Amino acid sequence: MHTVLRSASKQVVIGHDQPFCVIGERINPTGRRIFQQQLRAGDLSAIERDVAAQVAGGADVLDINMGVPLTDEADLLARAITLVQSRTDLPICIDSSVVEALEAGLSVYEGRALVNSITAEDDRMEAILPLVKRYGAAVIALPNDHDEIPMEPEKRLELVDRIVRVATQEYGIPLEDIVIDPLAMPIGADPAVGQAFFETVRGIRDRHGINTTCGAGNNSFGMPGRDQLGASFLPMAIASGLTSAIMDARSPLMVGAVKAADVVMGNDEWGMAWIAAYRATQAAAATT
């Protein structure tokens, strides 16, 4: 099952038979004090640098979040999306918890976006799914509700079933346009969360065949050597059925791990992309 995203001139397909989709997470002010100050002052120059670094690192899609307190998030998100579209042809994941900001972003986006995100809560689906339908976007959905973030895979899968039913039957969202985030949790807080995540991913693939994503850095939060942990976590998740991740596209270790997983999973035919990237790296090293 394929989830198709587009910019004005480029198409990216997410699927179990496709190369893993790297969604660059960098254009996000969370935890970036200086970036927040720049955005409040109307300075978007850091976004241009973040775009260039993620494109160079191998991102396939760029996530854009402009959640800065004391700003007009809708206006800021629309301006950021317009700027990013002028600097790259990569499709965009529009990331906001504010409905007005999502609508502003969708209204200026030239292409077919991925909306991040909804939950299994009725009010969130009621607020966001009509926008997704109106603009022909795809949507990321998380299996949690008002009561809890379930730790047991079966409870998460029950909420996935609910999201799929409501989105497809009540709002007419095509099944292939629903991307589930199975909820990666910090391994440093609970050693069981890794296996629970993999089991949830397999269950989503087996029950519905739809695509999945996650915040890859959530798994290693609070731990040292986060890139190394991510480079281990992601190929294991890919083998379980994960088809994309919101991740640091500037990390050669993590991006290299998912590109290697593409070869092993048979989603890089004859390893041609891997070989081409290796040769380019060798040539650059020789030149240096």
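The residues listed here are 70, 90; of these, the one that is within 28 Å of residue 256 (Cβ to Cβ) and among the aliphatic types (A, V, I, L, M) is 90. Selection over segment 62-116 of residues that are polar (S, T, N, Q), farther than 19 Å from residue 248 by Cβ and in contact (Cβ under 8 Å) with a residue 40 or more places away in the chain gives a count of 1. Among the residues making up segment 191-200, those that are within 14 Å of residue 240 (Cα to Cα) and surrounded by fewer than 18 Cβ atoms within 10 Å (Cβ to Cβ) are 195, 199. Taking the numbered list (1) over 17 Å from the mean Cα position of the chain (by Cα); (2) touching a residue at least 60 places away in the same chain (Cβ under 8 Å) in turn, residue 223 passes all entries but (2). Of the residues screened, residue 261 is not one that is touching a residue at least 12 places away in the same chain (Cβ under 8 Å) and either acidic (Asp, Glu) or surrounded by fewer than 16 Cβ atoms within 10 Å (Cβ to Cβ) (or both).
Listed residues 81, 149; which is over 17 Å from residue 4 (Cβ atoms), among the hydrophobic types (A, V, I, L, M, F, W, C), at pLDDT below 95 and surrounded by 14 or more Cβ atoms within 10 Å (Cβ to Cβ)?
That would be 149, the only listed residue that is over 17 Å from residue 4 (Cβ atoms), among the hydrophobic types (A, V, I, L, M, F, W, C), at pLDDT below 95 and surrounded by 14 or more Cβ atoms within 10 Å (Cβ to Cβ).
Exactly one condition in (1) touching a helix residue (DSSP H, G or I) at 6+ places or on another chain (Cβ under 8 Å); (2) touching a residue at least 40 places away in the same chain (Cβ under 8 Å); (3) outside any strand (DSSP E or B) is not met by residue 59; state its number. That leaves (1) as the condition not met. No other residue among 203, 217, 188, 241 is without any contact (Cβ under 8 Å) to a residue 60 or more places away in the chain, among the small types (Gly, Ala, Ser) and surrounded by 16 or more Cβ atoms within 10 Å (Cβ to Cβ) apart from 203.
If a residue must be part of a helix (DSSP H, G or I), of a type in the set (Gly, Ala, Ser) and out of contact with any Pro (no Cβ under 6 Å at 6 or more places or on another chain), how many such residues does segment 235-288 contain? Number of matching residues: 14. Looking at the structure I just gave you, is residue 105 touching a strand residue (DSSP E or B) at 6+ places or on another chain (Cβ under 8 Å), more than 30 Å from residue 261 (Cβ to Cβ) and either at pLDDT below 95 or buried (at least 22 other Cβ atoms within 10 Å of the Cβ) (or both)? Yes. When each of 111, 105 is tested for being farther than 22 Å from residue 200 by Cβ, small (Gly, Ala, Ser) and in contact with a Lys or Arg (Cβ under 9 Å, 6 or more places away or on another chain), the lone residue that passes is 111.
Residues that are crowded, with 22+ Cβ neighbours inside 10 Å and among the small types (Gly, Ala, Ser) within segment 35-71 comprise just one, 59.
Output yes when any residue across segment 13-31 is free of Cβ contacts under 8 Å to residues at least 12 places away in the same chain, surrounded by fewer than 22 Cβ atoms within 10 Å (Cβ to Cβ) and under 23 Å from residue 97 (Cα atoms), and no when none is.
Within segment 13-31, one or more residues are free of Cβ contacts under 8 Å to residues at least 12 places away in the same chain, surrounded by fewer than 22 Cβ atoms within 10 Å (Cβ to Cβ) and under 23 Å from residue 97 (Cα atoms).
Quick one: is residue 81 at negative phi and assigned to a helix (DSSP H, G or I)? Spelling it out, residue 81 is indeed at negative phi and assigned to a helix (DSSP H, G or I).
The values are calculated or read from the model by the stated rules, or taken from the named source; none is laboratory data. The structure displayed is predicted, hence computed values, not measured ones. Because the Cβ atoms are built from the backbone with ideal geometry, glycine has one as well, and the counts that use them run over all protein chains shown.
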